[in-house]
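Please read the structure below before turning to the comments.
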Amino acid sequence: MIRVGITGNTGFIGYHLYQTLSLYKDEFSLVEFEKSYFNESLKLDAFVFSCDVIVHLAALNRHNEPEVIYETNTSLVKNLIKALERTESKAHLIISSSTQEERDNLYGKSKKECRILLSEWANQNKGKLTGLIIPNVFGPFGQPYYNSVVATFCHQIAKGETPKIDVDGELKLIYVGELVEKIIQVIRDKDDTHELLIPHTAEAKVSEILANLKYFRNSYQETGEIPVLQNEFELKLFNTYRCYMDIASYFPKKFIQHLDARGGFVEIARQGIPGQTSFSTTFPEITRGNHYHTRKIERFAVIKGKALIQLRRIGTDDVHEFYLDGDYPAYVDMPIWYTHNIKNIGDDILYTIFWINEPFDPNSPDTYFEIV
């Protein structure tokens, strides 16, 4: 069992790394960390002493005064090094740096100096260090106006605001899930590369990203249509966008019913990508689900009976509850990284149609069980 500690475990990358490592319960044990430890040497020492691997992600990205960014980031690393020396730690250190290392800004300079400081520690103490040089990262739950332009645009468009392009540059990007898998591979390989360039997996102009996100709003948020997704980057961008919508106020969405003498007809979902539609009956008081996905797009549509659908974002305690009634057909979509279930709360059989964007593959199920 590899004991892994993550500084910055509540940040954008840290959250995804923490939650993904928690899926590998037989391989990794997570050592808890709080940012206050940097100011409490005894607690920081205890944390460092408990770790086989330390992934240092804690850093300040933006501030009105660039000097504060530089001082904060370098101070955090210096405090970490002191704890490593006090405990004579032999932990494998992994630090996230940035392709901005060579740019003329104090954020980039701070990231480079932090990596070099840890490299010097590793050389002097026979330690192991992986210094990750990371391109622009995007994905669910990034903080708008802080983590990336993708996070900012998703936030603005989902709320009906008008984004502004300052510079229509070409961005080299990596999806946070892809970055996390790279970090996990580095841990498994016990990599000791002090300057490891993480390749980007997509390139797009800022204006292209904005155009895609506007399309997602028009097709999905306003009409409920699953958009046409041409490639893996657009799929990841769409999944990112969905996580910036206010699901508590957006769902459940009412279907349009077409009634005649024969009965009713309801269109479940228009889609521009391959998928799988399925149908289930559920007996009263029975609950289905209690699992989550990290890449799949999934829709639950109640067409007969009464149901309670619950969603909870992994790593949080807030549960969203949606009550659906087949007399008023509606649907709820499952965002990635939200565990979800559906329960028959009526007296009769519940009829539900499920749509998902990829057929079930037992070799890559992307289904992780966790009680809501």
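Just so it is clear, none of the values below were taken in a lab; they were calculated from the coordinates. Note that the structure is a prediction, hence the values are computed from the model and not measured. We place every Cβ from the backbone using ideal geometry, glycine too, and count neighbours over all the protein chains shown.
Laid out as a table, the results:
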| read-out | value |
| --- | --- |
| Whichever lysines have a C-alpha closer than 21 Å to that of Lys254, once near sequence neighbours (fewer than 8 apart) are set aside | Lys159, Lys304, Lys306, Lys343 |
| Taking Thr352, Thr316 and counting other C-beta atoms within 10 Å, the order from fewest to most | Thr316, Thr352 |
| For Tyr241, Tyr368, Tyr250, order by how many other beta-carbon atoms lie within 10 Å, fewest first | Tyr250, Tyr368, Tyr241 |
| Most mobile of His155, His92, His320 in a GNM of the chain (Cα contacts under 10 Å) | His320 |
| Whole-angstrom gap from the stretch 32-78 to the stretch 89-148, using each part's C-alpha centre | 12 Å |
| DSSP loop GluC sites (Glu not before Pro) with at most 16 other Cβ within 10 Å excluded, longest remaining stretch of the chain | 286-369 |
| Sequence of Thr287, Thr277, Thr7 once ranked by neighbouring C-beta atoms within 10 Å, starting from the fewest | Thr277, Thr287, Thr7 |
| Dipole of the stretch 247-369, positive direction: furthest Cα of Phe279, Ala307, Val266, with charges on the beta-carbon | Val266 |
| Relative contact order for the stretch 1-68, counting Cα pairs under 8 Å that sit 6 or more residues apart, in percent | 46 percent |
| Whichever lysines have a C-alpha closer than 16 Å to that of Lys111, once near sequence neighbours (fewer than 8 apart) are set aside | Lys78 |
| Rel. contact order, % - alpha carbon contacts under 8 angstrom, at least six apart, the chain | 12 percent |
| Answer label, with Rg/Rh (Cα atoms, Kirkwood Rh) calculated from the coordinates and candidates (1) 0.96; (2) 1.02; (3) 1.00 | (2) |
| Shape category assigned to the stretch 273-372 from the gyration tensor of Cα positions, a/c cut at 1.5 | oblate |
| Candidates per chymotrypsin sites (Phe, Trp or Tyr not before Pro) in the stretch 105-210, loop by DSSP, up to 16 other Cβ within 10 Å | Tyr145, Tyr146 |
| Rounded to 5, percent antiparallel among DSSP beta bridges of the chain | 65 percent |
| Coil-residue trypsin sites (Lys or Arg not before Pro) of the stretch 1-71, DSSP, other Cβ within 10 Å capped at 13 | Lys25, Arg62 |
| Pairs from Lys25/Lys126; Lys82/Lys296; Lys164/Lys236 whose Cα-Cα separation, in the structure shown, is over 32 Å | Lys82/Lys296 |
| The stretch 131-247 - Kirkwood radius from inverse mean 1/r over Cα pairs (Å) | 15.1 Å |
| Contact order normalised by residue count of the stretch 247-369, Cα under 8 Å, 6+ apart, percent | 38 percent |
